[in-house]
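The values are calculated or read from the model by the stated rules, or taken from the named source; none is laboratory data. Remember, it's a predicted structure, so these values are computed and weren't measured experimentally. Virtual Cβ from ideal backbone geometry, glycine too; neighbours counted across all protein chains shown. These area figures cover heavy atoms from the full protein model, side chains too; ligands, DNA and RNA do not enter into them. Shrake-Rupley method; radii C 1.70, N 1.55, O 1.52, S 1.80 Å.
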Amino acid sequence: MSFSFPETNGKEIIQLEQDVLTPLAATGKLFAYETSRFWSQIKSASSAIYSNRHYLQLYHKTYPERLAQSKSGASRIIGDVYIHPSAKIDPTAVLGPNVSIGSGVTIGAGVRVRESIVLENVTLKDHCCIMYSILGWNSCVGAWTRVEGTPMDPDPNKPFAKIDQGTLFSHGRLNPSITIIGPNCTIPDEVIIMNAIVLPDKDLSSSHKNEIIL
């Protein structure tokens, strides 16, 4: 089915609700699909962490064998955790809840990871702590370093609540949110990266808070 939207001509930004769904509804060709499962737009790092949590919950029904379990001589697992078979994890590490570990990841002794997504070939050195963060491909976090973001979950007491995107900056500083470490970044030992966005290919040398590292 084809449909033209003359009112969007020349616009650089098209809003789904106003520019697409509203005129489409007037044609009598708009339909709805009702689902009993969770549904979430992924427009931000916060929504990605939130969706990761629910996706792992679905594994209980669809692929329970993909969820990691605590075993003797292996790392401690709390809640729902996915670990790619190729990842190398020290038995003293503690993972979870709601953690996804990609292929080729190396996690050292005493590492703590929770509410985070760790993508392929990331190295987490001994005793670092990762919370509410997304770590990009081929990045490295130093020993005793803390990488932490701020959760932005929707209000559980409101039906159909969604994550409040809010504004990126306030008073010249980055508002607290999920921390993002871009691909191919190196974070040194014994620093704190909090509520920050680190662009790809950066070698940091100090702590950062509420900043975008260009």
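Is there a residue being of a type in the set (Lys, Arg) and at pLDDT below 85 anywhere in the range 48-65? Talk me through it step by step, then tell me what you get.
Our first condition is that a residue be of a type in the set (Lys, Arg); within the range 48-65, this holds for 53, 61.
If we keep only those that are at pLDDT below 85 too, we end up with none.
Among the residues of the range 48-65, not one is of a type in the set (Lys, Arg) and at pLDDT below 85, which makes the answer no.
With respect to Asp19, is the statement that it is open to solvent by less than 40 Å² (accessible area, probe 1.4 Å), free of Cβ contacts under 8 Å to residues at least 40 places away in the same chain and within 18 Å of the chain's Cα centre (by Cα) true?
Working: open to solvent by less than 40 Å² (accessible area, probe 1.4 Å): yes; free of Cβ contacts under 8 Å to residues at least 40 places away in the same chain: yes; within 18 Å of the chain's Cα centre (by Cα): no.
No.
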Top-ranked residue of the range 37-62 - restricted to ones that are without any contact (Cβ under 8 Å) to a residue 40 or more places away in the chain and of a type in the set (Val, Ile, Thr), ranked as surrounded by the most Cβ atoms within 10 Å (Cβ to Cβ):
Ile42
Just to be sure I understand the filter: pairs with C-beta atoms under 9 Å, separated by 6 or more residues or on different chains, first member in the range 171-186 and surrounded by fewer than 22 Cβ atoms within 10 Å (Cβ to Cβ), second member basic (Lys, Arg) and in a loop (DSSP other than H, G, I, E, B). Which pairs pass?
Gly182/Lys202; Asn184/Lys202; Thr186/Lys202
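Return the only residue of Gly96, Gly102 being at pLDDT 95 or above, in contact with a strand residue (DSSP E or B) (Cβ under 7 Å, 6 or more places away or on another chain) and buried (at least 19 other Cβ atoms within 10 Å of the Cβ).
Details: Gly102 fails: buried (at least 19 other Cβ atoms within 10 Å of the Cβ).
The unique qualifying residue is Gly96.
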Restricting attention to the range 168-214, report how many residues are more than 23 Å from Lys43 (Cα to Cα) and of a type in the set (Lys, Arg).
1
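Of everything in the range 111-144, what is open to solvent by 50 Å² or more (accessible area, probe 1.4 Å) and in contact (Cβ under 8 Å) with a residue 40 or more places away in the chain? Give them in sequence order. Walk me through how you get there before you give the answer.
Narrowing the range 111-144 to residues open to solvent by 50 Å² or more (accessible area, probe 1.4 Å): 112, 114, 120-121, 125-127, 137-138, 144.
Those that are open to solvent by 50 Å² or more (accessible area, probe 1.4 Å) and in contact (Cβ under 8 Å) with a residue 40 or more places away in the chain: Lys125, Trp137, Asn138, Trp144.
Go through the range 88-104 and give me each residue that's assigned to a loop (DSSP other than H, G, I, E, B) and under 18 Å from Gln69 (Cβ atoms). Step through it out loud before you land on a result.
Looking only at the range 88-104, we keep the residues that are assigned to a loop (DSSP other than H, G, I, E, B), and these are 90-93, 96-98, 102-104.
Residues satisfying the conditions are Asp90, Pro91, Thr92, Ala93, Gly96, Pro97, Asn98.
Just checking, does the range 67-78 include any residue being of a type outside the set (A, V, I, L, M), under 19 Å from the mean Cα position of the chain (by Cα) and closer than 22 Å to Glu120 by Cα?
Of the residues in the range 67-78, the ones of a type outside the set (A, V, I, L, M) are 69-73, 75-76.
If we keep only those that are under 19 Å from the mean Cα position of the chain (by Cα) too, we end up with none.
Within the range 67-78, not a single residue is of a type outside the set (A, V, I, L, M), under 19 Å from the mean Cα position of the chain (by Cα) and closer than 22 Å to Glu120 by Cα.
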For the range 13-31, which residues satisfy the criterion of being touching a helix residue (DSSP H, G or I) at 6+ places or on another chain (Cβ under 8 Å), over 21 Å from Lys43 (Cβ atoms) and part of a loop (DSSP other than H, G, I, E, B)?
Leu30
